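Right, one structure below, let's go through it.
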Amino acid sequence: MLWPATQVFQPSFLTARSPAAASTPVEGGQAGDYGQRVSTSIEGRARRPERDLRSLVGSTFELVESKLHPPPARPGTVRRTGLVEQLLALDTVPVVCVVAPPGYGKTTLLAQWAQRTPHRVSWVSMDQRDNDPTVLLTYIAVALDRVEPIDPRVVRGLAAPGASIVGAVPRLAAAMAAMTQPVALALDHLELLENQECLDAVAELAGRLPEGAQLLVASQTRPPLPVALLRAKGQIVELGVDVLAMDQQEAQALLEGAGVQLTPAEVAELASRTEGWPIGLYLAALAHKAGGPRRNAWVGFTGDDRFMADYLRSELLSHLPPELMSLLTRTAVLERLSGPLCDAVLETTGSGQVLASLEESNLLLVPLDRRRLWYRYHHLFRELLRAELERREPELVSELHRRAAGWCEANGLPETAIDHAQAAGDADRVARLVWKLALPAYGAGRVDTTRRWFGWFEDQGLLGRYPPVAALGGWLQALVGQPVAAERWADAAEQGPATGTLPDGSTVQSYLALLRALLCRNGLDRMRADTQAALDKLSPESQWQATAQLLEGIGYLLADQADGADPILANAAEVATETGALPAAAIALAERSLVAMHHQDWKQTATLAEQAADVVRIGGLDGYVASALVHAVGARVAVHRGDVPGAQEQLGRATRLRPLLTYALPYFAVQTLLELGRSCLALDDPTGARAVLRQARDVLRRRPNLGILVTQVDELRSQLDMSRGGTVGVSSLTPAELRLLPLLATHLSFAEIGERLFISQHTVKTQAMSVYRKLDVSSRGQAVQRAQQLGLGG
């Protein structure tokens, strides 16, 4: 067991130091001197080569190169010249959908088209891990960059937990429009996308293609594109089974390419029986080569897979040597195959040569690179092989996945290792890998990926078994504004065994104490005690050192001890900056700015606020909840200077993040909302001030003991009671309206928006009308334009 209650965790639990791992704290300095060190340190850590988008993806993103290229053609592949010509004739149609069940040659067709089209082609093959909007759109951006360099900010804009995917799609479309020559984007196996936001992103891109660009989609099911709208404009063509089915001439070419000679009458009969289904024809050819089909074996063999398993078993697999049969079925647990990986899974040697031989024999093995190092089975063939494995050796499936997980973890594929470990039920390995990868993945904006990883523990009923993982999951849920889930995970963490030592030398108790301090469910005194307990037991090398010091400083502020808070916050900012924990650095600097504001030292306030803004800008943190307080403080500084446009811009940026300000981070939420309310009052926007005050009071109803913040909320309320009139500003938008606002920029109808937000169409319409009124516009388009002007866009 990797995580027993009394065992010290092994160093392999975290083999590489996290970018946010802390070093020894250093002394704070004066703002001017410190500002230079902040900039130097952050820029050295955060800036990456401008033209290398692979480096922008980051080391925690498994960028699979083969996904970015059409698969190389196998020997004997039938040239579908007529179909390719048909596609080429559609080069002025913006969207082309190739839709058919498995085995109709959709990928082959697009690959052959890509060789002949005058367009430059960007290619992405979908897989299950693309069900994260950041992952999907990053692959698309990298694919576009391969044909012509695009602005790296397109990718940087995706790498934040609060990044708006709705806002990212227009940036991708703009990048395509800025290219010197037209580009065609091919998305293969779109049926593997299940995440609704991912599907919406593809649909949005289809509706925003620049002139001359093309989007080609291959899918087993009709993709959820705005077909009616596109068809009305003549901007979409769909190719289906009737077009993709092979005629007798193509069937004969396929059979001959597979080394099978049949009479024209036999070819005609087989083509008729299979209804031109290419994979059916091909498997029939393989069965014929393997031993010859039984008489009338093709009867009832139609253009679907209803009888495919029985046919495959009786006419093909039964004729294969046992050793080859075992290799095929056992390696079917793998999405991608290589010689060394198969050797590890099969506990043998020489798999590379076998894979090369299988490809030469055309046994439905698709090469993924020109060096023939990686392969995959045809998707339908793999499904059939996996079914055969379950029938023959069901007890071996978990062990095969366990071996695959071990090899992937040891060979730099940790996320693939997670998939196999989950399939194997190897919770210890999953826990170790998720612990290592979750924070970097969150930092790269891959929120859906981390939710999927943590959700597995919840689905398996394992939350209480791994308190450190549960604590980390609770922490991340809090950061993305999910208080109910954060509390559920925190409760699970407390129920599990809290003994043991983490790889950085910290105790499990220290991490649990830090989570309790973050959530602050039991008042200020307990929050400060938990923070101290965390500091006492955190290792100096812990990645959470800066955060713990930040919470200690905030505790002093909430206790109305600003002078005691400032040196602690200064040290937290230093540690966070030097170790790359940029969100903590941004918050610490913003908190120090509040201290200076408390002392009416506006010069120091402005200096610290500018440093915090630099952290947000250079670190690409604009979509993180941490930047909400930075922008709120920036608005206060702009108001003091009399810079109304600047204050409104900062208010807009902070307002966009208000849905993340929940009782999961109660003191941080109320602090930020108070600063927004004060800025609104100063800008003669009492309506906006009342809106943020309501949100702050909602937090206080759930977390009533937040020290001096309670008094400050009451004071703001008293000021508002004496305020009358004024203008209606952007801050008057409610959290619900702010969640709606980005979706107004999409092709989605009010009914579809309601489905995404789990509210009724009537509620969507009511909220939209309120948004129009508060933004002083009269239409959806005007609302989107005004939101972008106010910094509320993606």
Residue match in the range 620-628 (condition: at pLDDT 95 or above, farther than 26 Å from Lys774 by Cβ and not charged (D, E, K, R)): no
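Applying the selection to the range 684-712, what residues are assigned to a loop (DSSP other than H, G, I, E, B) and either modelled with pLDDT of 90 or more or touching a Phe, Trp or Tyr at 6+ places or on another chain (Cβ under 6 Å) (or both)? Don't jump to the end; show me each part of the working.
Filtering the range 684-712 down to residues assigned to a loop (DSSP other than H, G, I, E, B) leaves 684-685, 703-707.
Within the range 684-712, Arg703, Pro704, Asn705, Leu706, Gly707 qualify.
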Conditions (1) crowded, with 23+ Cβ neighbours inside 10 Å; (2) more than 23 Å from Ala559 (Cα to Cα); number of the one not met by Ala586: (2)
Filter result for Leu254 (touching a helix residue (DSSP H, G or I) at 6+ places or on another chain (Cβ under 7 Å), at pLDDT below 90 and surrounded by fewer than 18 Cβ atoms within 10 Å (Cβ to Cβ)): no
Of all residues in the range 97-126 being open to solvent by 20 Å² or more (accessible area, probe 1.4 Å) and in a loop (DSSP other than H, G, I, E, B), the one that is farthest from Glu197 (Cα to Cα): Pro118
Those residues of the range 654-687 which are of a type in the set (A, V, I, L, M), open to solvent by 10 Å² or more (accessible area, probe 1.4 Å) and within 18 Å of His598 (Cα to Cα), in sequence order: Leu681, Ala682
Selection within the range 387-405 - farther than 18 Å from Gln422 by Cβ and either without any contact (Cβ under 8 Å) to a residue 60 or more places away in the chain or of a type in the set (Phe, Trp, Tyr) (or both): Arg391, Glu395
Residue list for the range 152-194, restricted to those being part of a loop (DSSP other than H, G, I, E, B) and either at pLDDT 90 or above or over 20 Å from the mean Cα position of the chain (by Cα) (or both): Ala178, Met179, Thr180, Gln181, Pro182, His189, Leu193, Glu194
Of the criteria (1) in contact with a Phe, Trp or Tyr (Cβ under 8 Å, 6 or more places away or on another chain); (2) open to solvent by 10 Å² or more (accessible area, probe 1.4 Å); (3) of a type in the set (Gly, Ala, Ser), which one Ala470 fails: (2)
Single match in Gly425, Gly443 (criterion: open to solvent by 20 Å² or more (accessible area, probe 1.4 Å) and under 19 Å from the mean Cα position of the chain (by Cα)): Gly443
Filtered residues of the range 608-633 (kept if buried (at least 21 other Cβ atoms within 10 Å of the Cβ) and more than 23 Å from Val480 (Cβ to Cβ)): Leu608, Ala609, Gln611
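Within the range 737-753, is there a residue that is free of Cβ contacts under 8 Å to residues at least 40 places away in the same chain and in contact with a Phe, Trp or Tyr (Cβ under 8 Å, 6 or more places away or on another chain)?
To start, the set of residues in the range 737-753 that are free of Cβ contacts under 8 Å to residues at least 40 places away in the same chain comprises 737, 740, 749-753.
Now drop any that are not in contact with a Phe, Trp or Tyr (Cβ under 8 Å, 6 or more places away or on another chain), which leaves none.
No: the range 737-753 contains no residue that is free of Cβ contacts under 8 Å to residues at least 40 places away in the same chain and in contact with a Phe, Trp or Tyr (Cβ under 8 Å, 6 or more places away or on another chain).
Just checking, does the range 779-788 include any residue being more than 17 Å from Glu675 (Cβ to Cβ), in a loop (DSSP other than H, G, I, E, B) and open to solvent by 60 Å² or more (accessible area, probe 1.4 Å)? Steps first, answer last, please.
Restricting attention to the range 779-788, the residues satisfying the condition of being more than 17 Å from Glu675 (Cβ to Cβ) are 779-788.
Subsequent filtering for residues that are in a loop (DSSP other than H, G, I, E, B) retains 779.
When the remaining residues are screened for being open to solvent by 60 Å² or more (accessible area, probe 1.4 Å), the result is none.
Within the range 779-788 (the criterion being more than 17 Å from Glu675 (Cβ to Cβ), in a loop (DSSP other than H, G, I, E, B) and open to solvent by 60 Å² or more (accessible area, probe 1.4 Å)), the answer is no, since none of the residues qualifies.
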Selection within the range 564-612 - within 14 Å of Leu550 (Cα to Cα) and among the basic types (Lys, Arg): Arg592
Pro264 being under 41 Å from the mean Cα position of the chain (by Cα) and modelled with pLDDT of 85 or more: no
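Please verify whether Leu518 is assigned to a helix (DSSP H, G or I) and touching a Pro at 6+ places or on another chain (Cβ under 9 Å), treating the condition exactly as stated. Let's see the steps before the verdict.
Working: assigned to a helix (DSSP H, G or I): yes; touching a Pro at 6+ places or on another chain (Cβ under 9 Å): no.
No: the conditions fail for Leu518.
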Condition check for Leu706: in contact with a helix residue (DSSP H, G or I) (Cβ under 9 Å, 6 or more places away or on another chain), more than 27 Å from Glu197 (Cα to Cα) and open to solvent by less than 20 Å² (accessible area, probe 1.4 Å): yes
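Give the residues of the range 195-207 that are over 19 Å from the mean Cα position of the chain (by Cα) and either part of a strand (DSSP E or B) or at pLDDT below 90 (or both), sorted by residue number.
Answer for the range 195-207, where residues must be over 19 Å from the mean Cα position of the chain (by Cα) and either part of a strand (DSSP E or B) or at pLDDT below 90 (or both): just Gly207.
Confirm whether Leu341 is open to solvent by less than 30 Å² (accessible area, probe 1.4 Å) and touching a strand residue (DSSP E or B) at 6+ places or on another chain (Cβ under 9 Å).
Details: open to solvent by less than 30 Å² (accessible area, probe 1.4 Å): yes; touching a strand residue (DSSP E or B) at 6+ places or on another chain (Cβ under 9 Å): no.
Taking the combined requirement at face value, the residue does not satisfy it.
Hey, any hits in the range 74-91 for a residue that's open to solvent by less than 60 Å² (accessible area, probe 1.4 Å), in a strand (DSSP E or B) and modelled with pLDDT of 90 or more?
Pass one, the range 74-91, residues open to solvent by less than 60 Å² (accessible area, probe 1.4 Å): 74, 76-78, 80, 82-84, 87-88, 90-91.
Okay, now just the ones that are also in a strand (DSSP E or B), so none.
Within the range 74-91, none of the residues are open to solvent by less than 60 Å² (accessible area, probe 1.4 Å), in a strand (DSSP E or B) and modelled with pLDDT of 90 or more.
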Members of the range 740-778 that are basic (Lys, Arg) and surrounded by 14 or more Cβ atoms within 10 Å (Cβ to Cβ): Arg756, Lys765, Lys774
Residue ID - surrounded by the fewest Cβ atoms within 10 Å (Cβ to Cβ), chosen from residues in the range 688-703 that are under 24 Å from Arg641 (Cα atoms) and not aliphatic (A, V, I, L, M): Arg690
Test: residue in the range 713-721 that is of a type in the set (Lys, Arg), more than 20 Å from Leu657 (Cα to Cα) and in a helix (DSSP H, G or I): yes
Residue pairs meeting the criteria (Cβ under 9 Å; at least 6 apart or on separate chains; first within 16 Å of Leu651 (Cα to Cα) and assigned to a helix (DSSP H, G or I), in the range 606-633; second acidic (Asp, Glu) and open to solvent by 20 Å² or more (accessible area, probe 1.4 Å)): Val616/Asp622; His631/Asp622; His631/Glu649
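Can you tell me which residue in the range 539-574 is surrounded by the fewest Cβ atoms within 10 Å (Cβ to Cβ), limited to those that are touching a Ser or Thr at 6+ places or on another chain (Cβ under 7 Å) and closer than 28 Å to Ala638 by Cα? Talk me through it step by step, then tell me what you get.
Residues of the range 539-574 touching a Ser or Thr at 6+ places or on another chain (Cβ under 7 Å): 539-540, 542-543, 546, 548, 551-552, 555.
Subsequent filtering for residues that are closer than 28 Å to Ala638 by Cα retains 551, 555.
Numbers: Leu551: 27, Gly555: 25.
Checking each candidate, the answer is Gly555.
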Filter result (of a type in the set (Lys, Arg), under 29 Å from Arg74 (Cα atoms) and open to solvent by 50 Å² or more (accessible area, probe 1.4 Å)) within the range 374-416: Arg386
Some residue of the range 530-548 being over 22 Å from Ala613 (Cα atoms), in a helix (DSSP H, G or I), at pLDDT 90 or above and touching a strand residue (DSSP E or B) at 6+ places or on another chain (Cβ under 7 Å): yes
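Which of the residues that make up the range 363-386 are in contact with a Phe, Trp or Tyr (Cβ under 7 Å, 6 or more places away or on another chain) and either in a loop (DSSP other than H, G, I, E, B) or of a type in the set (Gly, Ala, Ser) (or both)? Give the steps one after another, and end with the answer.
So the first thing to find is which residues in the range 363-386 are in contact with a Phe, Trp or Tyr (Cβ under 7 Å, 6 or more places away or on another chain), and the list is 364-368, 385.
Answer for the range 363-386, where residues must be in contact with a Phe, Trp or Tyr (Cβ under 7 Å, 6 or more places away or on another chain) and either in a loop (DSSP other than H, G, I, E, B) or of a type in the set (Gly, Ala, Ser) (or both): Leu364, Leu368.
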Of all residues making up the range 488-506, the number that are surrounded by fewer than 20 Cβ atoms within 10 Å (Cβ to Cβ) and either of a type in the set (S, T, N, Q) or assigned to a helix (DSSP H, G or I) (or both): 6
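The values are calculated or read from the model by the stated rules, or taken from the named source; none is laboratory data. Nothing here was measured: the structure is a model prediction, and the numbers come from that model. Here the Cβ is made from the backbone with ideal geometry for all residues, glycine too, and neighbour counts use every protein chain on show. For the accessible areas, the whole protein counts, side chains as well, though only heavy atoms, and no ligand, DNA or RNA atoms are used. Shrake-Rupley method; radii C 1.70, N 1.55, O 1.52, S 1.80 Å.
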